[in-house]
Structures are given as C-alpha cells and as structure tokens.
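Colleague: One structure coming up, written as structure tokens, with questions to follow.
The values are calculated or read from the model by the stated rules, or taken from the named source; none is laboratory data. Values in this document were obtained by computation on a predicted structure and should not be read as measured data. Cβ coordinates were reconstructed from backbone atoms using ideal geometry, including for glycine residues, and neighbour counts include every protein chain displayed. Side chains included, ligands, DNA and RNA excluded: accessible areas come from the protein's heavy atoms. Shrake-Rupley method; radii C 1.70, N 1.55, O 1.52, S 1.80 Å.
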Amino acid sequence: MAETRCINPGEIEEGDLIAYLHGDAAPHVVEHVARCAFCAEQVERLRMVDAQLLAVFYRDTCPTAETLADFALNRLPAAGRLRVAVHVRHCQACSEELAAVRGLADEEPSSLLARLQEALALALVARPFAPVAAPARGQGWQGRFEANDLIVTLSIQAGRLTGRVRRRDALPDATYSGEAWLLSETTAAEKTVPYGKIDERGRFQLTTLAAGSYALLLQIGDQNVKIEGVQVE
Amino acid sequence: MCEPDPCYELFRRAFAPCPDDDAWQFILNQYWGLVSFWLGQHASEDTIQEVFLRLWKAQQGATSPFATRFPTLRAVMGYLKRCAIAVRIETWREEERRRLLWERLRDATRLELVLAHARPDQAHASFDYKQLILARLKDEAERVVFELTYYYDLTPAEIQAERPDLFPDVRTVHRIKENLLKRLRRDRELCEWWPNDR
C-alpha cells in the first residue's frame, strides 16, 4: 500500500521531483526519494502524466505527414506553402524529414538509381518464348524473350551477360541504339548498377556480375523493356 | 484528350465504376518495387500496402471520375509518390515517438501500464481532451514550459536556455513543470484520463 505522507517534507522543495525525473536532482534529493516511499510514488505519477502528455502532444503543431509530402512535391496552394515554410524554418524535426525525402520529391528523380527504378517500373515486361529453366551449377543460361515487336536473346555465363535485341521482321541492316542496365531485385540500395551500351547491331554485354537475381532494363530509343528474374550464378 | 499509355489504362480500369480486379493486381505487381524504393528503409509489406491503400481510398472517396482527377499517368504516379512520402514520414514519426517514450519511461516502475495508456490513438488524444489540457495553462511561463516540453521534447535545461527572459534558472522550469503536472493530475475533469494506477 502506498505511503500517505513524505517522511521529511523539509528535505525537498517544489521542483525537486521533476529534477529527479530528468536526472538533474541534487544528491540529497536522490537519497530522499530512495528512502521515502511517498515521494517515490509521486515521481512515478509525475512520470506517467509526463509520458502521456508527450505521447499525445509531441509534434502536435507540426504539419501532417500528408501536408509535408504535398509541400515537398510543391502541391500546396501559396498560402499553405508559406505556412509550412515558416514552420519548417523553426522545426528541426520537420526540416530533417523534408531533407530525407527531398531527393524523392524532385520532379525528375535526382539520382541515377531513382531514375532507373522509375524507368523499370514503367517498362514493358518482356515475356519468355518458353519457360526459362534455372541454370545448372557451373552451366551457362540462355533465354529468348519478346515484348511487342522486340525480340531479346540473352546468355549468361561466368558472371558475364551477353545479349542481342532485334525487331521482328526488321531488315538485316536495321540499326539499333540504347542502353542495358541490370538492377538487383533483392536490394534497393545498390552502389553500382551494371551497365552496357547496345551497339548498332543490337548487341550488348555486361561483365563482372555478382551472383543474384536481377531485372534487366533495356532502353532502346524511347522504348523501355524489362526482363525480370534474370539469375546470375 | 486520349492517353495511350498502357500503364495508364491499367489504372483507368482499376478505378472504373466496375473495378477490374486483375488490373489492380497488375498495378500492385508493376509498382510494388517502385513504392518499396520510394519508402527506402521504411519499406515493409505493411507500409507498401498502406501506400496503395491510400491511392485506392483517395479515388473511392472522390466525387470526380478517375480520368478527371488523374488525366495522365504522370498525375497518378505523382499522387502515388505523394502517398509513399507521407507514409514514409508517418512511419518515421511513429518510430521517433516510440523511441522518445521509451527514453522517458525506461526507469518507470509500471512501464506496461503507462505504455498501454500513452498511445495517440486512445480517446484521450481527442481534440476535446487536448483543449481541456490547454485551457488549464494559467500564464505565459506555463504555456511556454508546456509547449517546449511536449510539442518539441526539450528538457528543462534546454527550455531555460531557449527562454532566459522567462526563466532565470533551470530550477524555475522544474518548479513550474512540477506544479503544472501535479495540478493536471489532481484536476477532477481530467482525472479519468490518466493511467489508473490504484
């Protein structure tokens, strides 16, 4: 049962229990709370009220996450924009949040990886002509895919991917140009993205590939095509 | 104006008056990776689902047709990105709030009781409750201590450093805060809102 009185009210003053809660109390206050069950109980009650107020009011005056997202994407009307700008200037937490999403919020993605991820998401999926079997250990892998009028053949062996694109019914001297990118399907934080130029005969090559599962993005003219589930041993 | 993009067509079908479930499933498959990338370290099954759910709800609650609201693929993707950024910020805020509470309560003797009660989705987070609390602040010094403590999570020492004009020393902040919390704790109208530790 809780004590009903302090053992020695003269030992502490108003403010000492909050100082104790924040670890700012003088040694005699710490000693008093250790001895006095009543004051220890008061500290716990203050702690509960303090924590509950923090849970309810913390950042209550900050713009909502959606308003901040609209601000980052420049989607707010002028008045709202000004209000958020003034707040962000004085609020470290909001300004850190904005800084963290600023790269994403750019109209055009700022990083190469972000641009490639967006291109990949919007690319046409190339389908295999026939189900592609997983490569046997130590053996190469080959596949043939199509997307609209584009045909892609791929071959992977010893960490090297070679491929060729051509258009169905194209003349033998048809020329191509573009780029091939290999994006990991298992991690979104790649440091380098394997890349190769597609030459005018539609050939490309990506070398020194690490083992893993990838999506191959082919940018041919203004057409983006992807091949998912490319396995490198 | 005609929008020839096949990806846009997927969205148009998914949000048609008779929604095409296959189109929606295809959208999830197509954009799951992109949304995951936008969410960065906060990407998880739940947060990615939440982003798509917001896009879905936004159109379900809209009075104008999908094509009027989102006339191009760029417009839909802009909105999807807006949802992802909002979810990312919210997840971050929730993690931060939890971390702060944990720091405040690590020495508490009745930790579970407080944590169960100190949740923003409880009834005591309502507007009325907040107004009751704010109405109890009796002067400028109390208001400043309250705002800097709970809106911005400043310690008494930081509050004193921020407003030396109001608080000549940190003891003054301790005294004002203790007095305020004890008063709030005893308040008859508020007593039902505090954790019941009796």
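Colleague: Straight-line reach from B:Lys130: which lysines have Cα under 21 Å away, leaving out those fewer than 8 places along the same chain?
Modeller: B:Lys138, B:Lys177, B:Lys182
Colleague: Please list, in order along the stretch A:53-65, the HN-Hα scalar couplings obtained from phi with the Karplus expression 6.51 cos²θ - 1.76 cosθ + 1.60 (θ = phi - 60°), rounded to whole Hz, x for Gly and Pro.
Modeller: Computed from phi, the couplings for the stretch A:53-65 are 5, 5, 4, 8, 9, 4, 6, 5, 8, 6, x, 5, 4 Hz.
Colleague: Please list 3J(HN,Hα) in residue order for the stretch B:20-30, calculated via the Karplus relation 6.51 cos²θ - 1.76 cosθ + 1.60 where θ = phi - 60°; whole Hz, with x for glycine and proline.
Modeller: With coefficients 6.51, -1.76 and 1.60, one gets 9, 4, 5, 5, 5, 4, 5, 4, 4, 4, 5 Hz.
Colleague: OK, next. Taking beta carbons within 10 Å but only from partner chains, what does the mean come to for residues B:90-102?
Modeller: Counting Cβ atoms of other protein chains within 10 Å of each residue's Cβ and averaging gives 3.
Colleague: Right, next: May I ask for the angle, rounded to the nearest 10°, between helix B:73-105 and the longest principal axis of chain B, with both axes built from Cα atoms and the value confined to 0 to 90°?
Modeller: Compared with the principal axis, the helix lies near 30 degrees.
Colleague: A further question on this structure: Run the reach check for B:Lys81 against aspartates and glutamates, Cα to Cα strictly under 18 Å, same-chain hits fewer than 8 apart removed. What comes back?
Modeller: The reachable aspartates and glutamates, counting only those whose Cα sits under 18 Å from B:Lys81, are A:Glu66, A:Asp70, A:Glu97, A:Asp106, A:Glu107, A:Glu108, A:Glu118, B:Glu45, B:Asp46, B:Glu50, B:Glu90.
Colleague: Show that you can apply the helix-only estimate: for chain B, add -39,500 (n - 2.57) for every DSSP H stretch of four or more residues, divide by all residues, and state [θ] at 222 nm to the nearest 500.
Modeller: -20500 deg cm²/dmol
Colleague: Determine ³J(HN,Hα), in whole Hz, for all residues of the stretch B:170-185 in sequence, where each value follows from phi through the Karplus function 6.51 cos²θ - 1.76 cosθ + 1.60 and θ = phi - 60°; x replaces Gly and Pro.
Modeller: 5, 4, 4, 5, 4, 5, 5, 5, 5, 4, 5, 5, 5, 5, 5, 4
Colleague: Size of the dipole of the stretch B:126-191 about the Cα centre, Lys and Arg at +1 and Asp and Glu at -1 on the beta carbon, nothing else charged, in debye to 20?
Modeller: About 420 debye.
Colleague: Counting only heavy atoms of the protein chains, get the accessible area per residue of the protein assembly as shown (1.4 Å probe) and round it to a whole Å² value.
Modeller: With the other protein chains kept in place, the protein assembly as shown gives 53 Å² per residue.
Colleague: By how many degrees, between 0 and 90 and to the nearest 10, does the Cα long axis of helix A:92-105 differ from the longest principal axis of chain A?
Modeller: Compared with the principal axis, the helix lies near 10 degrees.
Colleague: For A:Glu185, which sequence-distant residues (separation of 5 or more, or a different chain) have an amide H within less than 5 Å of its own amide H, given hydrogens modelled in the peptide plane?
Modeller: Here the answer is A:Ser213, A:Tyr214, A:Ala215, since their amide H atoms fall under 5 Å of that of A:Glu185.
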